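All of the numbers you see were taken from the coordinates with simple rules; none came from a lab. Owing to the predicted nature of the structure, the values given are computational and were not obtained by experimental measurement. Methodologically, a virtual Cβ is constructed for each residue, glycine included, from the backbone with ideal geometry; neighbour enumeration extends over all protein chains shown.
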């Protein structure tokens, strides 16, 4: 299932990861694990934030994917289902069978 992962990095741990040079490795390791179709980096309430869109095929992969973000960056993590335009079109086609 296509999913969106939102990662919000705590400022103290994010600052330290930049100073000691580990931030690019932590993010790189995540991207190697999830192979996102898109990744965006921005701010959320004054904190570093990343959005990753990826296929989440097995929920048992989540600990290996997420624990480094919790442990090394004190990150807040949010995962939610997501659709691209083709998924939305397919879903909307199924609504044509609904009767009012």
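Quick one: which helices (runs of 4 or more DSSP H) sit completely within the stretch 7-100 and have at least 1 residues that are buried (at least 17 other Cβ atoms within 10 Å of the Cβ)? Spell out how you get there, then give the answer.
On the way: elements: 11-19, 23-34, 62-73, 85-95.
Of the helices (runs of 4 or more DSSP H) lying wholly inside the stretch 7-100, those with at least 1 residues that are buried (at least 17 other Cβ atoms within 10 Å of the Cβ) span 11-19, 23-34, 62-73.
Which condition from (1) touching a helix residue (DSSP H, G or I) at 6+ places or on another chain (Cβ under 8 Å); (2) touching a residue at least 40 places away in the same chain (Cβ under 8 Å) is the one that residue 47 breaks?
So residue 47 meets the others, but not (2).
In the list 86, 75, which residue meets the criterion of being at negative phi and in contact (Cβ under 8 Å) with a residue 24 or more places away in the chain?
Values: 86 fails: in contact (Cβ under 8 Å) with a residue 24 or more places away in the chain.
Within the list 86, 75, the selection yields 75.
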